[in-house]
Structure formats: structure tokens, C-alpha cells
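First comes the structure, then the notes that go with it.
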Amino acid sequence: MQSYQEMSKEELLQEKASLEATYKKYAKSGLKLDMSRGKPSAEQLDLSMGMMDVLNRNTDLSCEDGTDCRNYGVLDGIQEAKVLLGDMIECHPDNIIIYGNSSLNIMYDCIARSMTHGVMGNTPWCKLDKVKFLCPVPGYDRHFAITEYFGIEMINVPMLPTGPDMDMVEELVSKDEAIKGIWCVPKYSNPQGITYSDETVRRFARLKPAAKDFRIYWDNAYGVHHLYDLDQDSLIEILAECKRAGNPDMVYKFCSTSKISFPGSGVAAIATSANNLEDIKKQLSVATIGHDKVNQLRHVRFFKDIHGMEEHMKKHAAILRPKFEMIINTFEEELAGREVGSWIAPKGGYFISFEALEGCAKDIVAKAKKAGVTMTPAGAPYPYGKDPKDSTIRIAPSYPTTEDLKMATDIFVTCVKLVSVEKILENK
């Protein structure tokens, strides 16, 4: 396949005319395809419908310790749920608090609590002149939305194939007391699908931050979201590593079953040190008497244990894998060798990240929308929605049907080619 970069101006103009004709056909077809967010498909949601039947009016709604899940109490979650989610994220149940349905809500609460009351006796952030957060980019837009909402200054840290640029992370946190945290999606990262290397995790654990209240916000959202039964990424457990390094209090680890059971009705949790748990429970005991124990019990009765959850995730993978492979194969067939972008074939997670030519992402996304394909806004994977190179595009394959996804991918590829040819012609 000939590179667009090597084509003459005349060849590029011919290619542009051909691509414009194809694009016009798509634009006239009245399509409405949504690839904007990583929502599970209806087919995936159907996998958990059995959860609706595990509890009924005749079911014993008591926990193993005799607690009646219908009533008040159990601030930090029922023991069975702690065991299940603890196994899911490789943490001891004693280090876990079970919340409601949203891990994002827990992260928001942690930032809010730090702003108003500080972290373990340190000065509340709202009383400081400046508060900063490190943001590996490209990253998760909803993480960045939380820190932006609280007026926290965000600093971009480039993602490498091994995870965040740890030379930069170590340098910044060791010298600037205003840096209070870093956002991390350590396994099958959003949007690139990168898993942090062993060395990266160990360097995180050995950080020497200037701020005593610095915390690593470790969002292990895709810990069991593999696409393949055997070819899977592995991740060192961060809490144990931090304890070994003498930094037991440095991590908040988050998880949920949002993309395992039902996104709107899952179970979320935080895992952290005993000192952090004590600090968090002071606020939590004022905010609630306890979260939805009936839903916690429902999840435990449905999955039974981590092995049941792993088998369930294989069913998710069987639905998602062909979608991911179709997109990657289309890119390989249509774009490899054209020198118009790059991508990573992830082994898990929910996204594919496409790196277009510099200055092209917004135009590609806009053209796709005109042709009926809604994508995540260009710039979303960066703080403040500002991609300095205007090149990263996040692709969410999960929600559309395979047929719709194939059409959307063909349209996207056409838009990539057309915008790239136009950009190269500008520079000729």
C-alpha cells in the first residue's frame, strides 16, 4: 500500500476526489451510529439478567454473619461483597469499603473530602494557594472533569508503552508540594489499552512526594476485562507494593462491577490502607448509614465467587473480541502503510486509541459526525479538552451492533484518509 506521504500532488488530488465521492455517499445515507462512549451493548447486559432472579420475596436476605440486608447498618459493606471484590482486585477484604454503584462517585468524594477536610489531618486543599494533579495523557476524560470542577491545576504527563513517564512523575512530585495526586488507569488504560509495566508500578510505590497528602488515584476499572482467555496482561498489585516500599498510605485503589453486571446498578469499592480507611470512614459515617446491601448480596449470590465472575467475563469477551478485531483488521487493511496514523491493538479494556496526523483529529471527528457517526469529541482524552497535537481519537467499539460498527469503521477510515490527504496537500 502506497504511503500518502510519498504520493505526488497529482496522485493525492486523484485520491482526494475518489475519497470525496465515497464520503458523499455515506453522508447522504442518513446513518445514525454512536461510538461516543464505552457503554456495554444490550447483548452484554443480557448476560447479567439472571441477577434479577437470585433474590425474591421468599429469599433469605441475611448475610453469613446474620445481618439482615434489608435493614440499616454495615457502613463499609457486607463481608461477602468485600471478599468478592477483594478477589477481583487482589486485595484483602479488611482493606476495602463497599460503596454504591459508581467508582467515579467514590473518586469525586475523595477529592471533595480532601478539599474541605484535608487528608489524614493535613491542611484542607481549599485553604491552599495552589493544588495540582498529574494527568497521564491520553487519559480518562471523566477523571479530568473532577479535578477541573474543583479548580485543581492539571499537568499533562505523557503515556509511554510502559505507562506514565515515570522520570517526569518522580521529578515533579519530589519537588512540588502543591502536587497532591495523579490519575491512573493502570490496566488496559482508557483509551490506549496500555497496562503499566512491573517497573512502572514499583516506581510508583517508591515515589518520594514532597506533599505528605499526595495520593495515587489507582482506578483499576478494567482489571478483569480481558479480550482473550490466555493472551492477557498482568499487573502488579499496588497496595502490597507500596507497603513493601514503606509507603502504605499513598494509594486509593478504585473498582466497580459497572461493566461486569449492570452499569447503573453495580457495586463499587475503594481499597486502601488502614489509616486511610479510618480517615475516610469519619466522613462516610456522616454521609450515610450504609450503602445498598441488598444489591451487594445480589451480586454475591449471582457470581458466587471470583471464579464465577471470571467465567462471566469470558462471555463478555466473546461479544467484544470480534468487534475489536474487526476494527484493528480494518485499520491494518486500509491504513497500514499509508502513514496517516497509528494505533494499538489492546488485549482488554473498552477502547481503541487512534493517533491521527497532527492537526487532524477534530476534522476527522467532525467529518464522521456529518456522515452519521458520533464519536468522543477530539481532545476529550486530555485535561480541559485540549489535545496539544490535535491527534488523539478515542474509539468505543462496545455499544453498536457488529453490523453498525463495521459501517461506522468504514466511515471513520474514509474520514481519516480524506482529512489526511487534505493535510498533506496543504504542505505540498
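Here are the numbers for the structure shown:
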{"quantity": "261, 285, 62, ranked by accessible area, largest first (probe 1.4 Å)", "calculated": "285, 62, 261"}
{"quantity": "Net length gained if the chain between residue 240 and residue 142 were fully extended (0.36 nm per residue, minus Cα distance)", "calculated": "32.6 nm"}
{"quantity": "Gained length - residue 70 relative to residue 345, 0.36 nm times residue gap less alpha-carbon distance", "calculated": "94.5 nm"}
{"quantity": "Theoretical FRET efficiency, 1/(1+(r/R0)^6), r = Cβ-Cβ of residue 319 and residue 11, R0 41 Å, to 0.05", "calculated": "0.50"}
{"quantity": "Virtual paramagnetic centre 7 Å along Cα→Cβ of residue 304, amide N under 16 Å, in region 57-100", "calculated": "84"}
{"quantity": "Neighbour net charge for residue 33 - beta-carbon separation under 12 angstrom, K R +1, D E -1", "calculated": "-1"}
{"quantity": "Sequence-separation-based contact order of the chain, relative, with Cα cut under 8 Å and 6+ spacing, percent", "calculated": "26 percent"}
{"quantity": "Fraction of accessible area attributable to carbon and sulfur, the chain (%, probe 1.4 Å)", "calculated": "48 percent"}
{"quantity": "Value at 222 nm in deg cm²/dmol, rounded to 500, when DSSP H runs of n ≥ 4 in the chain each add -39,500 (n - 2.57)", "calculated": "-13000 deg cm²/dmol"}
{"quantity": "Tilt relative to the chain, helix 103-117 - C-alpha long axis, 0 to 90 degrees, to 10", "calculated": "60 degrees"}
{"quantity": "Cα centroid of region 42-113 to Cα centroid of region 208-284, whole Å", "calculated": "16 Å"}
{"quantity": "With Cα atoms, 0 to 90° folded angle of helix 306-334 axis to the chain main axis", "calculated": "20 degrees"}
{"quantity": "Gain on full stretching of the segment that runs from residue 212 to residue 228 - 0.36 nm per residue minus C-alpha separation", "calculated": "1.7 nm"}
{"quantity": "Heavy atoms of residue 321: accessible area, 1.4 Å probe, square angstrom to 10", "calculated": "70 Å²"}
{"quantity": "Residue-normalised accessible area of region 360-428, expressed per residue, 1.4 Å probe, Å²", "calculated": "39 Å²"}
{"quantity": "Pairwise FRET efficiency - residue 289 versus residue 160, Cβ, R0 = 45 Å, nearest 0.05", "calculated": "0.50"}
{"quantity": "Paramagnetic reach from residue 62 (point 7 Å along Cα→Cβ, amide N under 20 Å) across region 272-316", "calculated": "293-302"}
{"quantity": "Residue-normalised accessible area of region 100-254, expressed per residue, 1.4 Å probe, Å²", "calculated": "40 Å²"}
{"quantity": "Qualifying trypsin sites (Lys or Arg not before Pro) for region 67-116 [loop in DSSP, other Cβ within 10 Å: at most 14]", "calculated": "70"}
{"quantity": "Paramagnetic label zone (point 7 Å from Cα along Cα-to-C-beta, residue 53; backbone N under 14 Å) in region 312-335", "calculated": "none"}
{"quantity": "Cα-based helix-to-principal-axis angle, 293-303 vs the chain, degrees rounded to 10", "calculated": "60 degrees"}
{"quantity": "Read-out Rg/Rh (Cα atoms, Kirkwood Rh), derived from the coordinates shown; its label in (1) 0.98; (2) 1.00; (3) 1.04", "calculated": "(2)"}
{"quantity": "Chymotrypsin sites (Phe, Trp or Tyr not before Pro) lying in DSSP loop within region 171-245, provided at most 13 other Cβ fall within 10 Å", "calculated": "228"}
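The values are calculated or read from the model by the stated rules, or taken from the named source; none is laboratory data. What you see is a predicted model; the values in this text were computed from it and never measured. Glycine gets a Cβ as well: all are built from the backbone with ideal geometry, and neighbour counts include every protein chain shown. Areas reflect the complete protein model, heavy atoms only, side chains present, ligands, DNA and RNA absent. Shrake-Rupley method; radii C 1.70, N 1.55, O 1.52, S 1.80 Å.
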